[in-house]
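The values are calculated or read from the model by the stated rules, or taken from the named source; none is laboratory data. Please read all numbers here as calculations on a predicted model, not as lab measurements. Cβ atoms come from the backbone with ideal geometry, glycine included; neighbour counts cover every protein chain shown. When the accessible area is computed, the model is the full protein with side chains, heavy atoms only, and any ligands, DNA or RNA have been set aside. Shrake-Rupley method; radii C 1.70, N 1.55, O 1.52, S 1.80 Å.
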Amino acid sequence: AQKITQTQPGMFVQEKEAVTLDCTYDTSDQSYGLFWYKQPSSGEMIFLIYQGSYDEQNATEGRYSLNFQKARKSANLVISASQLGDSAMYFCAMREDGDSGGGADGLTFGKGTHLIIQP
Amino acid sequence: DSGVTQTPKHLITATGQRVTLRCSPRSGDLSVYWYQQSLDQGLQFLIQYYNGEERAKGNILERFSAQQFPDLHSELNLSSLELGDSALYFCASTQESGSGSYNEQFFGPGTRLTVL
């Protein structure tokens, strides 16, 4: 089974609208972290936001927020007031603590969502 | 600019050859991670070093190896290259390592390897 699932290969959104990128994860660990990265066409990986498994509040960073639903194992990224510069690939990733014996410190990435913001 | 540097930016080589990719982490970061991004496999974690020692292994092939030097820079060695090794190779760094330390990983710009 995939550890990180991003079900939207591509999305088109009008500028200034809010957009939600879906991410579900699978882990047996109690301690883990969830990350979102942005990869523009230039190729670099840009860190956006982090949510820890024990964090009670949803993480926010500027226009980015993470809708964390632990029971559903879901960590959706919400971008408010989208801009043309938000067009990029977005990756959800997980780092497991390894308390179930299978974790490592490397990130496990989903396949990504290609977001295109239209004017 | 993440503060992580990788050289070279591009590398073109032939099957069967060996190449070395270099990474310098952000100042003060002790952990270095290597990732491979290919069309087939997506983004995959290869290996992690922490303060000179191997810390964790992911989906790294036996033909690949890495090391981290006393000045904390790291090198990824890829040998007996195959067409399928063509990919973007990222290095990332964090300050800490170990369970419970969920510092974000800062990625370098990557090295694009093309095997002909």
For A:M11, what accessible area in Å² do you get when you roll a 1.4 Å probe over the heavy atoms of the protein chains, rounding to the nearest 10? 40 Å²
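Once neighbouring chains are kept in place and the probe is 1.4 Å, which whole percent of the accessible area of chain B is contributed by carbon and sulfur?
Taking all protein chains in place, chain B shows 45 percent carbon and sulfur surface.
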Loop sites in region A:1-45: trypsin sites (Lys or Arg not before Pro), DSSP, at most 13 other Cβ within 10 Å: A:K16
The answer for region A:8-90, accessible area per residue at 1.4 Å probe in Å², is 49 Å²
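Average partner chain C-beta neighbours within 10 Å, per residue of B:105-115? Provide the component values of the computation, followed by the final result.
Details: counts 10, 3, 7, 2, 4, 5, 0, 1, 0, 0, 0.
Across B:105-115, the average partner-chain Cβ count within 10 Å equals 3.
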Can you give the relative contact order of region A:37-119 as a percent, counting alpha carbon pairs under 8 Å and 6+ residues apart? 24 percent
P(r) tail for chain A, what percent of Cα pairs lie past 24 Å? 22 percent
Taking 50 Å² as the minimum loss, tell me which residues in region B:36-59 lose that much accessible area going from the chain by itself to the full protein complex (1.4 Å probe). B:L43
Residue separation times 0.36 nm, minus the C-alpha to C-alpha distance between B:N59 and B:L39: what's the value? 5.6 nm
State to the nearest 20 debye the size of the charge dipole of chain B about its Cα centre, where the only charges are +1 on K and R beta carbons and -1 on D and E beta carbons. 220 debye
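Please compute the contact order of region B:1-105 in relative form: average sequence separation of alpha-carbon pairs under 8 Å and at least six residues apart, divided by the residue count, as a percent. All intermediate terms of the calculation are to be shown ahead of the outcome.
Details: 212 pairs, mean separation 33.9, N = 105.
Normalised by residue count, the contact order of region B:1-105 is 32 percent.
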At A:S41 and B:L116, where each label point lies 7 Å from the Cα along Cα→Cβ, what is the point-to-point distance in nanometres? 2.6 nm
Alpha-carbon Rg with Dmax, taken over the protein assembly as shown, Å: 17.6, 51
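Would you please classify the overall shape of region A:29-68 from the alpha carbon gyration tensor, given that a ≥ b ≥ c denote the square roots of the eigenvalues, rounded means a/c under 1.5, and beyond that prolate means a/b larger than b/c while oblate covers the rest?
Verdict is oblate for region A:29-68.
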Report, in debye and to the nearest 20, how large the dipole of the protein assembly as shown comes out about its Cα centre when Lys and Arg carry +1 and Asp and Glu carry -1 on their Cβ. 460 debye
Counting only DSSP loop positions in region A:22-76, the GluC sites (Glu not before Pro) whose Cβ has at most 12 other Cβ atoms within 10 Å are A:E56
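Dipole magnitude of chain A about its Cα centre, charges +1 at Lys/Arg Cβ and -1 at Asp/Glu Cβ only, in debye to the nearest 20? Please report the intermediate quantities before stating the final value.
Working: 9 positive and 14 negative charges, 62 e Å.
Using Cβ point charges on Lys, Arg, Asp and Glu, chain A gives about 300 debye.
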With solvent modelled as a 1.4 Å probe, how much accessible area in total do chains A and B shield from it at their shared surface, in Å² to the nearest 100? 1700 Å²
What is the distance in Å between the Cα centroid of region B:14-86 and that of region A:43-116? 24 Å
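What is region A:6-51's relative contact order, in percent, from Cα pairs under 8 angstrom and six or more apart in sequence?
Values: 33 pairs, mean separation 12.6, N = 46.
The normalised contact order for region A:6-51 reaches 27 percent.
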Of the DSSP beta bridges with both residues in chain B, give the percent that are antiparallel, rounding to the nearest 5. 90 percent
For chain B, average projected area of the Cα convex hull in nm²: 6.7 nm²
Select from A:L66, A:L107, A:L48 the residue whose mean-square fluctuation is largest in a Gaussian network model of chain A (Cα-Cα springs shorter than 10 Å). A:L107
Max mean-square fluctuation residue, GNM over chain A, Cα-Cα springs under 10 Å, options A:D55, A:D22, A:D97: A:D55
